[in-house]
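We did not get these values from a lab; they are worked out from the coordinates using the rules stated. The model shown is predicted, which means the values in this text are computed figures rather than measured ones. In this analysis, Cβ positions are derived from the backbone assuming ideal geometry, glycine residues included, and neighbour counts consider all displayed protein chains.
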Amino acid sequence: MSIFSYGLLIGLAIALLVAAFTDIRRRQIDNWLNGAMALAAPLFWWASGLSLWPDMVWQLVFALGVCAVLIGIAFIGYKLNVLILGGGDIKLLGALSLWLAPFSYVQMLMIMSLFGGAMAVAFIIRRVVLKPKTPGRLPYGVAIAFGALLVLAPKILPAAASFTDLAA
């Protein structure tokens, strides 16, 4: 991995932490942040040595498919008048589909779902036990960022990569 691609991964990790933090604070993930992640992905492809055909094209097709599914989920939520995922969450998941290979993306979704489920249980317990006066919304961007960071950790942290090699 080149130093440039390594730097881009570090930048993505920082952006994910910012997304999680702003989602906790304001229940919002800014469009500029999701846009920057999406626009940096082709630089990562180039720095990682992906070929234009078929690698970059297939990554783009995968991302378009993910975005179509996410837009479908948002549309269903809109029609049912139920907030399934917020707009920032959907855009964050779409931007991450540009960075992760399909298998890694599914891994991220599984980790995200487990962590998001644990967050939801804690959120419900908090609502029942503490009975806060203001209604709250679950900052699901935290679960998305957590899942993505765990999947990216072996690429970012050399110690984590050597540990996963030992475990295999």
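Filtering segment 82-91 to residues that are part of a helix (DSSP H, G or I) and either in contact with a Gly (Cβ under 6 Å, 6 or more places away or on another chain) or charged (D, E, K, R) (or both) leaves ASP89, LYS91. Inspect segment 131-151 for any residue being in a helix (DSSP H, G or I) and among the basic types (Lys, Arg) and give the result as yes or no. Among the residues of segment 131-151, not one is in a helix (DSSP H, G or I) and among the basic types (Lys, Arg), which makes the answer no. Sub-8 Å Cβ pairs linking a first residue in segment 4-22 that is in contact (Cβ under 8 Å) with a residue 24 or more places away in the chain and surrounded by 15 or more Cβ atoms within 10 Å (Cβ to Cβ) to a second residue that is among the basic types (Lys, Arg) and in a helix (DSSP H, G or I), at least 6 apart or interchain, are LEU9/LYS155, ordered by first then second residue.
Results for (1) at positive phi; (2) of a type in the set (D, E, K, R); (3) in contact (Cβ under 8 Å) with a residue 40 or more places away in the chain, shown as yes or no for each residue.
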residue	(1), (2), (3)
LEU96	no, no, yes
ALA118	no, no, no
VAL121	no, no, no
VAL129	no, no, no
LYS133	no, yes, no
GLY141	no, no, yes
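Scan segment 105-141 for residues that are within 25 Å of VAL57 (Cα to Cα) and surrounded by 16 or more Cβ atoms within 10 Å (Cβ to Cβ) and the total you get is 4.
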